[in-house]
Amino acid sequence: MSRDEHPAPRARASAPPLPARRARWAPDLLRSELATTFRRWRTLVLLAVLAAVPVLVGIAVRIQAGRSGGDGRGPAFLAGITDNGLFLVFTALAVTLPVFLPMAVGVLAGDAIAGEAHTGTLRYLLVAPAGRARLLCAKFATVMVFCLAGTLVVALSALATGALLFPLGRVTLLSGTSISLGEGLLRALAIAGVVAFSLLGVAALGLFVSTLTDSGVAAMATTVGLVLTAQILDGIPQLQALQPYLFPHYWLSFADLLRDPVYWDGIWRDLGLQAVYAAVFGSAAWARFTSRDITA
């Protein structure tokens, strides 16, 4: 067979352009991060602890109500729970928001980048065409999904416990107005959303700390330490001028959703402050991570 008779070589299928591959990789990366995070034993243990808190609070209130003969004496929130189990949702969120929820978010956010660097998987993640910015966004989105999941776990556990241990019915708001159980459930859902968004500042702060070190334990401990420090500073009367700028200052403003009409000032200040923290520390995390030497 002569050279001219050889068949022409078949053209290789061209690879999709890089922007298209990156566009497909972004949701795949987020799904992978979510699946990996929520399969870890540490995440499941954190969610189990959060679910256990409302159960313990409900049992303690039930025992206290039995000892007092159900006459409504004691702290106001105890009387509210014994009259309507839905109040256990509000109480459980108020109990977990200052300590349990931010600590759980701090552990997850602090380990987001530092944990990958410690185990040596960070450089392999960056081999894919996702890029550092997309990976950082996927990590942050995963932490925010955990914020929402943790808050909903607390709310659903409290709702189930309250329904089992106490009666359910019309809800008397803090302003004295009575609303239906259905509207009370909608307000509980709105409160859970506000609480989840209130953890935005902790998530951004933890992610920034996670870009500063290769030790996941150090990043988690630092983030939790900063959360506790901010709460201590927020409780010192001499620091009143500083306190409105601390991310936990307006956390409990969600209670204003239990008024008629709703007091929005504290809620908007809380959401705005969390957005500022997310913008500042999110930008700092991006600047640090995109300039970091991963191969070192």
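Key figures
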item: Label-to-label distance, nm, for residues given as Leu242 and Ser283 (7 Å Cα→Cβ offset); result: 2.3
item: Charge dipole magnitude, Cβ of K and R +1, D and E -1 - the range 22-290, Cα centre, debye nearest 20; result: 660
item: Using θ = phi - 60° and Karplus 6.51 cos²θ - 1.76 cosθ + 1.60, couplings along the range 163-168 (whole Hz; Gly, Pro as x); result: 5, 7, 9, 9, x, 10
item: Derived scalar couplings ³J(HN,Hα) [the range 81-89; Karplus, 6.51 cos²θ - 1.76 cosθ + 1.60; whole Hz; x for Gly, Pro]; result: 5, 5, 7, 8, x, 5, 5, 5, 5
item: Relative contact order of the range 22-290, defined on C-alpha pairs under 8 angstrom at six or more residues apart (%); result: 25
item: Projected label distance in nm at Ala60 and Ala275, using a 7 Å step from Cα toward the beta-carbon; result: 3.6
item: Cβ crowding within 10 Å averaged over residues, with 241-249, 91-99, 178-186, 208-216 ranked highest first; result: 208-216, 91-99, 241-249, 178-186
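Taken together, the values in this text are just the output of simple stated rules run on the coordinates, not laboratory data. Every value quoted in this text rests on a predicted model; they were computed, and no experiment measured them. Ideal geometry is used to build each Cβ from the backbone, glycine not excepted, and the neighbour counts take in all protein chains shown.
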